[in-house]
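Peer 1: Mind having a look at this structure? Questions to follow.
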Amino acid sequence: MKRLTIAQILHQYPFTVEFFQQNRLDITGFEQLCFEDYLEQLDERELEEKAIDPKNLPEELNEYIRQMSIFLGLEKNNKVQSLTILPGHDKKAVPENFDELVILPSQIVAIVGPTGSGKSRLLADIEWAAQRDTPTGRSILINNTLPDAKWRYSPNNKLVAQLSQNMNFVIDLSVKEFLRLHAQSRMAENEQKLSAEILAEANKLAGESFSEDTPVTSLSGGQSRALMIADTAILSASPIVLIDEIENAGIDRRKALELLISQDKIVLMATHDPLLALMADRRIVIRNGGIDAVLETTQDEKKLLEKMNRLDCIMQTARRELRAGKTLHPEKIFV
Amino acid sequence: MNLIIFSGPPSSGKTSVILKVIESFQRRKINVGAVKFDCLYTDDDKLYEKAGIPIKKGLSGALCPDHFFASNIEDVVKWGNKKKLDLLITESAGLCNRCSPYLVGVKGVCVIDNLSGINTPKKIGPMLKSADLVAITKGDIVSQAEREVFASRVSAVNPKAVVMHINGLSGQGAYELSTMLYDEKQHLHSVQGMKLRFPMPSAMCSYCLGETRIGQNYQMGNTKKMIWEDGEK
Ligand SMILES: Nc1nc2c(ncn2[C@@H]2O[C@H](COP(=O)(O)OP(=O)(O)OP(=O)(O)O)[C@@H](O)[C@H]2O)c(=O)[nH]1
Ligand SMILES: [Mg+2]
Ligand SMILES: [Zn+2]
Ligand SMILES: [Zn+2]
């Protein structure tokens, strides 16, 4: 880095704009200096005023460039092709009842078990890429080998994206601005195309459609959820998505899952809703802090799922008709 | 004894995270104590007491809490050693965004929350910039996108830090954080002669020294004025 001018740094690593901005370094007019010389010429008073310590900044800039380069390179060629969970033990030190659980991209695995049974511990084990160094003694393999340390320590390479039960945005921006902000933080190249794609997908999931100018805080629960899912599917860097129960309100849940797996995500879903749980081909049963069983969804269950989907459809039609102020007619509802 | 210095904006989740981390240490039979620094008021001592650990609190009153921290940390370490703690955790309310309590050679953790807004990393200065670890809380109430944007801004301000998402309510991530904090080989007997990571502002104005009257005549020392165009006022 030493000999590059700021202009050259910005040209070669465009993402460094963010570093200068977030560190409150006003470099306009100094682009022809190298970073060290720029820091050198700041006077002491200004440094104190702005709480800037020039000593470590060059090293931090190097580190930032290193991390971002790994991150950007990683996205292009370093895909997660499999996630393996190796057994540990439950809260009473009883060994877990499975050999190994391998999950591939585009597969959905449901997680069932009472609240407090250890679902969040399982998730934390995956997130942290446990190596027999967490309370469950489990280990996680990525692509069949020991996971790289970056999955633990680097802020931009998190293994797991989470869709929690929260249905509201906090940030005060329009849908368009919000998606741009996220795309920029990911250094995505084709920001506009991605935003348009996310909006289109979100609208396919949400009951009522919304535009890119809608403030995210005024979206309905279903619309927020749809936008969060579409955004996570298309823009999040994390290869694994964990879903904590998708409410049935105002969103097509089957399409939501299809969208996630169409983007090669590995989907883990904590749910007790049979319509969702049976969509997965396998489900993990958790008891006493341990994995008690890994069940394959049977053919009978898949048939049952079809029936239940028809029932669900009937309920939804009835609900829609009621909302529209209509009188219900059995022949219209049981089609 | 190990010493760990926690800092972070008000209500960011410091106590919640520390208490969850302490639970992990207690399971490992590590003897933990805590000291809370605040400005005017705190109830945190009661929370630590409830967790059954030795706790002291210090209120800085008229002083910047970080200055107060610097003048008291030596005694605090003496107390911890006398109590035969394996691990002493200090929690400071980061009220003054200009100062930070971290010491060279002692682990410093900054706790900030997703709800505080995406410009917070830029605003809070040395408290974030010179931390070794950053714990980001309240991820449960924002979207994945908001979490990712926030974390990427944190890492632009402090690229060297390990950044972790911790849920202060459920404790998710706290076990993992705890494994990065305790070092069996560290035996800290005193902090005498240690250095602050980031110098505190050296300026003093007449109001620092108790002046209450407003007006040009009463302003001495290091006064700083806003910039006004000609005729603007
Ligand atoms: N939803 C949610 N709430 C949290 C989380 N962490 C902390 N809180 C809540 O945030 C509030 C403030 O948490 P504290 O741990 O007291 O924050 P603090 O930083 O110690 O506050 P001060 O010491 O007063 O500056 C409490 O109501 C906590 O329950 C979290 O991860 N998620
Ligand atoms: Mg507190
Ligand atoms: Zn201060
Ligand atoms: Zn003053």
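The values are calculated or read from the model by the stated rules, or taken from the named source; none is laboratory data. Only a predicted model underlies this, so the values are computations on that prediction, with no experimental measurement involved. Quick reminder, even Gly has a Cβ in these numbers, built from the backbone with ideal geometry, and neighbours come from all protein chains shown. Note: accessible area is taken over every heavy atom of the protein model, side chains too, but ligands, DNA and RNA are not part of it. Shrake-Rupley method; radii C 1.70, N 1.55, O 1.52, S 1.80 Å.
Peer 1: Against the condition closer than 30 Å to A:D90 by Cβ, assigned by TED's automatic domain parsing to the domain that holds A:M187 and open to solvent by 30 Å² or more (accessible area, probe 1.4 Å), how does A:P215 come out, does it pass?
Peer 2: When the stated conditions are applied, A:P215 does not pass them.
Peer 1: Oh, and also: Mind listing just one residue for me: the one in segment B:144-202 that is open to solvent by 20 Å² or more (accessible area, probe 1.4 Å) and hydroxyl-bearing (S, T, Y) and, of those, modelled with the lowest pLDDT?
Peer 2: B:S202
Peer 1: Still on this structure, I have one more. Of the residues that make up segment A:159-174, is at least one without any contact (Cβ under 8 Å) to a residue 12 or more places away in the chain and in a strand (DSSP E or B)?
Peer 2: No, every residue in segment A:159-174 fails to be without any contact (Cβ under 8 Å) to a residue 12 or more places away in the chain and in a strand (DSSP E or B).
Peer 1: Among the residues that make up segment B:101-113, is at least one of them among the charged types (D, E, K, R), within 16 Å of ligand 4 (Cβ to nearest atom), outside any helix (DSSP H, G or I) and within 14 Å of chain A (Cβ to nearest Cβ)?
Peer 2: Within segment B:101-113 (the criterion being among the charged types (D, E, K, R), within 16 Å of ligand 4 (Cβ to nearest atom), outside any helix (DSSP H, G or I) and within 14 Å of chain A (Cβ to nearest Cβ)), the answer is no, since none of the residues qualifies.
Peer 1: Continuing with this model, one more query. Out of (1) more than 20 Å from B:A174 (Cβ to Cβ); (2) more than 16 Å from ligand 4 (Cβ to nearest atom); (3) surrounded by fewer than 20 Cβ atoms within 10 Å (Cβ to Cβ), the odd one out for B:D132 is which?
Peer 2: Failing condition for B:D132: (1).
Peer 1: Among the residues of segment A:178-191, is there at least one that is within 11 Å of another protein chain (Cβ to nearest Cβ), assigned to a helix (DSSP H, G or I), among the aliphatic types (A, V, I, L, M) and more than 18 Å from B:L115 (Cβ to Cβ)?
Peer 2: Yes, some residue in segment A:178-191 is within 11 Å of another protein chain (Cβ to nearest Cβ), assigned to a helix (DSSP H, G or I), among the aliphatic types (A, V, I, L, M) and more than 18 Å from B:L115 (Cβ to Cβ).
Peer 1: Is segment B:104-116 home to any residue that is open to solvent by 40 Å² or more (accessible area, probe 1.4 Å) and without any contact (Cβ under 8 Å) to a residue 60 or more places away in the chain?
Peer 2: Within segment B:104-116, one or more residues are open to solvent by 40 Å² or more (accessible area, probe 1.4 Å) and without any contact (Cβ under 8 Å) to a residue 60 or more places away in the chain.
Peer 1: Then there is this: Kindly evaluate B:C64 against the criterion of being modelled with pLDDT under 90, within 16 Å of ligand 3 (Cβ to nearest atom), open to solvent by 20 Å² or more (accessible area, probe 1.4 Å) and within 14 Å of chain A (Cβ to nearest Cβ).
Peer 2: Answer is yes for this residue.
Peer 1: Could you list, in sequence order, the residues of segment A:134-170 that are more than 16 Å from the chain's Cα centre (by Cα), modelled with pLDDT under 90 and among the charged types (D, E, K, R)?
Peer 2: If the condition is that a residue be more than 16 Å from the chain's Cα centre (by Cα), modelled with pLDDT under 90 and among the charged types (D, E, K, R), then A:D148, A:K150 are the ones that fit.
Peer 1: Hey, another quick one. Any residue in segment A:89-98 that is open to solvent by less than 60 Å² (accessible area, probe 1.4 Å), over 27 Å from A:S236 (Cβ atoms), touching a residue at least 24 places away in the same chain (Cβ under 8 Å) and touching a helix residue (DSSP H, G or I) at 6+ places or on another chain (Cβ under 8 Å)?
Peer 2: No: segment A:89-98 contains no residue that is open to solvent by less than 60 Å² (accessible area, probe 1.4 Å), over 27 Å from A:S236 (Cβ atoms), touching a residue at least 24 places away in the same chain (Cβ under 8 Å) and touching a helix residue (DSSP H, G or I) at 6+ places or on another chain (Cβ under 8 Å).
Peer 1: What's the number of the condition B:K225 fails, among (1) open to solvent by 60 Å² or more (accessible area, probe 1.4 Å); (2) closer than 30 Å to B:K83 by Cβ?
Peer 2: The single condition B:K225 does not satisfy is (2).
Okay, residues lined up against (1) in contact with a Lys or Arg (Cβ under 8 Å, 6 or more places away or on another chain); (2) open to solvent by less than 20 Å² (accessible area, probe 1.4 Å):
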site	(1), (2)
A:E36	yes, no
A:E40	no, no
A:E46	no, no
A:K50	yes, no
A:E63	yes, no
A:M68	no, yes
A:L72	no, no
A:L83	no, yes
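Peer 1: May I pose another question? Looking at segment A:99-112, which of its residues are open to solvent by 10 Å² or more (accessible area, probe 1.4 Å) and either in contact with a strand residue (DSSP E or B) (Cβ under 6 Å, 6 or more places away or on another chain) or not aliphatic (A, V, I, L, M) (or both)?
Peer 2: A:D99, A:E100, A:V102, A:P105, A:S106, A:Q107, A:I108, A:V112
Peer 1: Does at least one position in segment A:42-64 carry a residue that is modelled with pLDDT of 90 or more and within 17 Å of A:V160 (Cα to Cα)?
Peer 2: There is no residue in segment A:42-64 that is modelled with pLDDT of 90 or more and within 17 Å of A:V160 (Cα to Cα).
Peer 1: Residues of segment B:13-42 being within 13 Å of the chain's Cα centre (by Cα) and at positive phi, which ones?
Peer 2: Passing the criteria: only B:G13.
Peer 1: Hey, among the residues in segment B:1-13 that are open to solvent by 10 Å² or more (accessible area, probe 1.4 Å) and either in contact with a Ser or Thr (Cβ under 7 Å, 6 or more places away or on another chain) or within 15 Å of ligand 2 (Cβ to nearest atom) (or both), which one's farthest from the other protein chains (Cβ to nearest Cβ)?
Peer 2: B:P10
Peer 1: Mind checking which residues of segment B:29-52 are open to solvent by 10 Å² or more (accessible area, probe 1.4 Å) and in contact (Cβ under 8 Å) with a residue 60 or more places away in the chain?
Peer 2: Within segment B:29-52, B:I30 is the sole residue that qualifies.
Peer 1: Additional query: Condition first: charged (D, E, K, R) and either under 19 Å from B:V163 (Cα atoms) or modelled with pLDDT of 90 or more (or both). Now tell me which residues in segment B:92-120 satisfy that.
Peer 2: Within segment B:92-120, B:K107, B:D113 meet the criteria.
Peer 1: Quickly run through segment A:129-150 and pick out the residues that are under 30 Å from A:P95 (Cβ atoms), within 12 Å of chain B (Cβ to nearest Cβ) and either not in a loop (DSSP other than H, G, I, E, B) or not β-branched (V, I, T) (or both).
Peer 2: Scanning segment A:129-150 gives A:A129, A:A130, A:Q131, A:D133, A:P135, A:A149.
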